[in-house]
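The values are calculated or read from the model by the stated rules, or taken from the named source; none is laboratory data. Since we're looking at a predicted model, the values are computed, not measured. Note that we place each Cβ from the backbone using ideal geometry, even for glycine, and neighbour counts take in every protein chain shown. For the accessible areas, the whole protein counts, side chains as well, though only heavy atoms, and no ligand, DNA or RNA atoms are used. Shrake-Rupley method; radii C 1.70, N 1.55, O 1.52, S 1.80 Å.
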Amino acid sequence: MADTGVQARRSAVYLLDQILGDEPRLMSELLAAGALDKLPPDDRARAQRLAQDTVRGLERADRLLQKHLQKAPPLTVRNVLRVGTVELCQGGAAHGVVNAMVNLVSQHRTLSHLKGLTNAVLRKIAAQGPEAWDALRAPRLPKWLRGPLAEAWGTDAMAAMEQAHFAGAPLDLTAKGDAAALAKAVGGTLLPTGSVRVTDAGQVSTMPGFAEGDWWVQDAAAAIPVRVLAPKEGETVLDLCAAPGGKTMQLAAAGAVVTAVDQSHPRMQRVKENLARVGLKAKTLTKDARAVQGTFDAILLDAPCSATGTIRRHPDLPYAKDGSEFGDLIELQSELIDHAWSLLKPGGRLVFCTCSLLPDEGEVQVDEALERHGDMTVDTAALELPGVEADWHTEEGGLRLRPDFWADQGGMDGFYIACLRKD
C-alpha cells in the first residue's frame with residue numbers, strides 16, 4: 001500500500017526550508033501566503049504538525065543526526081533527515097518513514113545523489129533513535145533569546161519554560177455563554193480562570209458548538225486581559241490591535257459597545273468572520289491604532305510585541321527571528337500607550353498587555369508610562385480575579401504569566417497584563 005503522506009512530508013520539508021533558511025520566515029506568514037493551500041485538509045494539517053514537531057524537537061534531532069553525519073548536507077536534505085528523525089522517534093513505522101524520506105530525496109532535481117546517505121542515516125536512527133531521544137534534555141531556545149530570558153527569570157524558570165515549550169499546547173476555548181456547560185459538551189476541563197481546556201481535540205471545526213458559534217479558540221492567558229478590564233454593558237470600549245478577534249468577542253459578549261481596530265486588512269477580515277460566526281457585533285476599523293480618534297470609557301491595548309510568550313504554539317519563532325526588530329516594537333508600544341491614554345475618558349481604564357516574556361515589553365513599559373503620565377495609576381484591585389494566583393502579581397502592579405505556570409495542567413502562554421486608571 002502506497003504511503004499517503006508524501007505530499008504532507010514534502011510540504012513539511014518546504015516549510016522548514018523557509019523557516020531555517022538564509023532569509024527565515026515565520027510559519028504563520030507562510031501559511032497566510034498560501035504555502036499549503038493546494039493540499040487536502042488532512043495533508044495540510046499533517047504537514048503543519050510535522051513541521052511544528054520538527055522545529056520543536058530540532059535540538060534533539062540534530063544531536064542524534066550529528067553522530068551519523070561527517071559533514072552537514074544541504075539544508076533540504078538536512079530537513080528531510082530531521083523530519084524523518086522526529087517521526088521515527090515519535091513512533092513512526094520505520095519502513096514507511098525511511099522509504100518516504102528516501103523517495104523525497106530521490107525525486108529532487110539536484111539532490112537525488114544523496115538518497116543513499118538519507119537511507120543509511122535514517123536506518124540507523126530507526127534502530128537507535130527512539131531510545132536515545134527520550135534520554136535527551138528538553139530542547140533549549142537559541143542563545144539570542146535564552147540569554148535575556150534566563151537573566152530576567154533565572155535558569156530554573158528558563159528550564160521549566162523550555163519544558164513547557166517542548167510539551168506543546170492543548171486547545172483552550174472561551175465560551176460565549178456558560179463555560180461549565182461548554183466544558184461538558186466538548187469533554188474539556190474548566191480552568192480556574194474560566195477558560196475550557198481540551199486535549200487531543202482533533203479538527204476544531206467539527207467540535208460540538210463550533211458551527212453554532214458557542215465558543216472560540218483562545219489561550220487561557222490571552223483571555224485574562226478582558227477579565228481584568230471587566231467591561232460593563234453599554235460601555236464604549238476600544239480594542240486596539242484587535243486581530244484575530246478573541247478579545248473583541250469577549251468584549252462584545254459582555255454587552256460593551258466595541259470598536260475594534262487593526263491595521264491589517266486580511267487580519268481584520270478574520271475578525272469580521274469570527275464575529276459573524278459567533279453572532280456578535282462590533283464596529284471594525286482597518287487603520288493604524290495611532291490614528292484612531294474619539295473618547296472611550298475603557299480601552300484594551302494588546303500591543304504588537306515579540307510574541308515570545310507564544311512559543312508553545314509557535315515553536316518556529318525563535319528560529320525565524322533574531323530579536324533585531326524588538327527595539328522598534330518596544331518603541332511602538334510606548335507610542336501606543338500614550339495615544340490610547342489620550343483617548344480615555346477621565347475615570348476610565350486602560351488594560352495594556354503583550355504576549356511577551358521580555359520585561360521590556362511589560363513591566364518596564366508600565367514603569368515608564370507611570371513616569372510619563374501624572375494622571376495614571378495602577379489598579380491592582382482589577383487583578384483580583386478567580387484563578388489568578390498571588391505569585392503572578394508583579395512589583396509595579398501588573399500580572400506576569402509564564403508558559404511553565406499550570407505545568408501539570410498543560411501550561412499557558414506567556415503574557416504581561418496591567419490595568420491603568422485615569423484620574
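A compact table of results
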{"item": "In degrees, nearest ten, helix 41-56 long axis to first principal axis of the chain (Cα)", "result": "90"}
{"item": "The range 345-423 versus the range 25-91: alpha-carbon centroid distance in Å", "result": "36"}
{"item": "Residue-normalised accessible area of the chain, given per residue in Å² at a 1.4 Å probe", "result": "44"}
{"item": "The range 193-299 - percent relative contact order, Cα under 8 Å, separation 6 or more", "result": "26"}
{"item": "Length-normalised contact order of the chain in % [C-alpha pairs under 8 Å, at least 6 apart]", "result": "14"}
{"item": "Angle in degrees between helix 155-167 and the longest Cα principal axis of the chain, rounded to the nearest 10", "result": "70"}
{"item": "Degrees, to the nearest 10: 6-19 long Cα axis against longest axis of the chain", "result": "60"}
{"item": "222 nm mean residue ellipticity, helices alone, for the chain (DSSP H n ≥ 4; -39,500 (n - 2.57); rounded to 500)", "result": "-13500 deg cm²/dmol"}
{"item": "Bins of 10 Å from zero: percent of alpha-carbon pairs in the range 122-184", "result": "17, 26, 24, 24, 8, 1"}
{"item": "Structure-derived Cα extents along the principal axes in Å: which label, when the choices are (i) 58, 52, 37; (ii) 72, 46, 38; (iii) 66, 55, 44", "result": "(ii)"}
{"item": "In the range 248-305, trypsin sites (Lys or Arg not before Pro) in a DSSP loop with at most 16 other beta-carbon atoms within 10 Å", "result": "Lys281, Lys287"}
{"item": "Cα centroid separation, the range 168-233 to the range 263-277 (Å)", "result": "19"}
{"item": "Relative packing of peptides 13-23, 82-92 - highest average C-beta neighbours within 10 Å first", "result": "82-92, 13-23"}
{"item": "Mean Cα-pair separation over length for the range 31-165, i.e. relative contact order, pairs under 8 Å, 6 or more apart, %", "result": "24"}
{"item": "Carbon and sulfur %, accessible surface of the range 237-352 computed with the full protein complex present, 1.4 Å", "result": "51"}
{"item": "Share of carbon and sulfur in the accessible heavy-atom surface of the range 1-124 [1.4 Å probe, %]", "result": "48"}
